[in-house]
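K.L.:
What follows is a structure written as structure tokens; I'll ask about it next.
Please treat every number below as a calculation from the coordinates, not as lab data. Every value quoted in this text rests on a predicted model; they were computed, and no experiment measured them. As a convention, Cβ positions derive from the backbone with ideal geometry for all residues, glycine included, and neighbour counts pool all protein chains shown.
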Amino acid sequence: MQIPEPQACLTVDDIKVGMSAEKRYSIDYADTVKFSEISGDWNPAHHDEAYAANSIFRQRVAHGMFSVSQFSGLFGMDMPGLGTLWLKQTVEFLRPAFFGREYRAVVTVTAVDRQSNTVTLSTECFDDKGEKIILGEGVVKPIPLKVKAAMLELA
């Protein structure tokens, strides 16, 4: 497998309020099994159709953190990209994610603090009907200018 390269490498000086990035994703049952293997969460709401049929959602649901994990890819690959450290995340689960549907994760810059080299972003996920399923806020530390400059010298 070839590891994808980040699409961006933005420093705090490159980032402006309102900038955003998004990605589309879907969740199938095989993803849920992998996520359960990693997390140890084998809740029957994710795996047992009979159990889930009697739940408030009437069907199996994907782990909410699967959607939250999409922000990791956005931060590390697109906004800000290479060298980003994810420092903090809040999350509110508004609606469940179901298997076999398309979703969209969006991060949007809401604040830039050059002094602390941090960027605050709204973090949201939407279902295929445009309804918000996740709402939160992330704080990241973009690559420092001196580190980026040293990388460019080596290239």
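K.L.:
For residues that are of a type in the set (D, E, K, R) and part of a loop (DSSP other than H, G, I, E, B), tally how many sit in segment 121-132. Working first, answer last.
P.N.:
We begin by selecting, within segment 121-132, every residue of a type in the set (D, E, K, R); these are 124, 127-129, 131-132.
Going one step further and asking which of them are part of a loop (DSSP other than H, G, I, E, B), we end up with 127-129, 131.
Number satisfying all stated conditions: 4.
K.L.:
Any idea how many residues of segment 33-52 are over 14 Å from P96 (Cβ atoms) and aliphatic (A, V, I, L, M)?
P.N.:
Within segment 33-52, the first condition is being over 14 Å from P96 (Cβ atoms), and the residues that meet it are 33-42, 44, 47-51.
When the remaining residues are screened for being aliphatic (A, V, I, L, M), the result is 33, 38, 50.
So the answer is 3.
K.L.:
Right, another one. Which residue, of S67, S26, is touching a residue at least 40 places away in the same chain (Cβ under 8 Å), farther than 30 Å from A149 by Cα, touching a strand residue (DSSP E or B) at 6+ places or on another chain (Cβ under 8 Å) and crowded, with 18+ Cβ neighbours inside 10 Å?
P.N.:
Details: S26 fails: crowded, with 18+ Cβ neighbours inside 10 Å.
Being touching a residue at least 40 places away in the same chain (Cβ under 8 Å), farther than 30 Å from A149 by Cα, touching a strand residue (DSSP E or B) at 6+ places or on another chain (Cβ under 8 Å) and crowded, with 18+ Cβ neighbours inside 10 Å holds for just one of S67, S26, which is S67.
K.L.:
Give the number of residues within segment 88-115 that are touching a strand residue (DSSP E or B) at 6+ places or on another chain (Cβ under 8 Å) and free of Cβ contacts under 8 Å to residues at least 24 places away in the same chain.
P.N.:
0
K.L.:
If only one of E5, E37 is surrounded by fewer than 18 Cβ atoms within 10 Å (Cβ to Cβ) and under 30 Å from A150 (Cα atoms), which one is it?
P.N.:
The unique qualifying residue is E5.
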